[in-house]
Amino acid sequence: IMLDEIVESIQLDIHYGLKTGIAGIGWGIQHLYQEGFIELDINVVLEDFDRRVMELNPPKMLNLNREYGLGGIIIYVLSRLYTIETENLDNPFDPTFLNDIYLRVQSLINNEDIMYDCMDSVFDFVDYYDNKKPLEKPSVFDVLSLSFDKEKKLEDLPLGLDGISGIGLKLLLSKVNN
């Protein structure tokens, strides 16, 4: 019940970004669901989030990064598509919207316009859309690489996931997985 209250209290007029917006909040709820921490009808809970994300016009998006741009939207969409496919749920995403994402990332790849902080997700989306490989289960690594100012001294970075904690967690997890 508490999650329902939180979701209902989220104002959907905030930005779309992965770092602190619709895509990020939705990705967080989706991740908790995928890991079995919460039980709910994920399509019902994220219905407004999906609808808001589909309001975007991917061919016109200029911000391509993971935090506030197309890269973050792709990470959210891939996370949703993974659950939709593994649980045989209705796909809330309009095929035209998915095609628009595909065409936008194809144009970026063809023009060598590199989205440096989310190319892995871009290629995952292209491979999924082209039916070359199934989606992999989303991971906290998908969002742990939110950027920070590399020119700052370590002691001047924020403590959150976009700072010292994120760096430490990323290092720990990379050691565990190696």
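The values are calculated or read from the model by the stated rules, or taken from the named source; none is laboratory data. Note that the structure is a prediction, hence the values are computed from the model and not measured. Virtual Cβ from ideal backbone geometry, glycine too; neighbours counted across all protein chains shown. What goes into the accessible areas is simple: the full protein's heavy atoms, side chains included, and nothing from ligands, DNA or RNA. Shrake-Rupley method; radii C 1.70, N 1.55, O 1.52, S 1.80 Å.
What to note about this one:
- Global dimensions of segment 9-64 from alpha-carbon coordinates: Rg and Dmax equal 12.1, 36 Å.
- Protection proxy ranking, peptides 17-24, 70-77, 40-47, average beta carbon neighbours within 10 Å, highest first: 70-77, 17-24, 40-47
- Which of Lys133, Lys60 is most accessible, then next, and so on - probe 1.4 Å: Lys60, Lys133
- Heavy-atom accessible surface of segment 46-134: percent carbon and sulfur, 1.4 Å: 47 percent
- Full-stretch length increase - Val140, Asn111 - with 0.36 nm per residue and alpha-carbon distance subtracted: 7.5 nm
- Full-extension gain in nm, Phe123 to Thr96, via 0.36 nm per residue minus C-alpha separation: 7.8 nm
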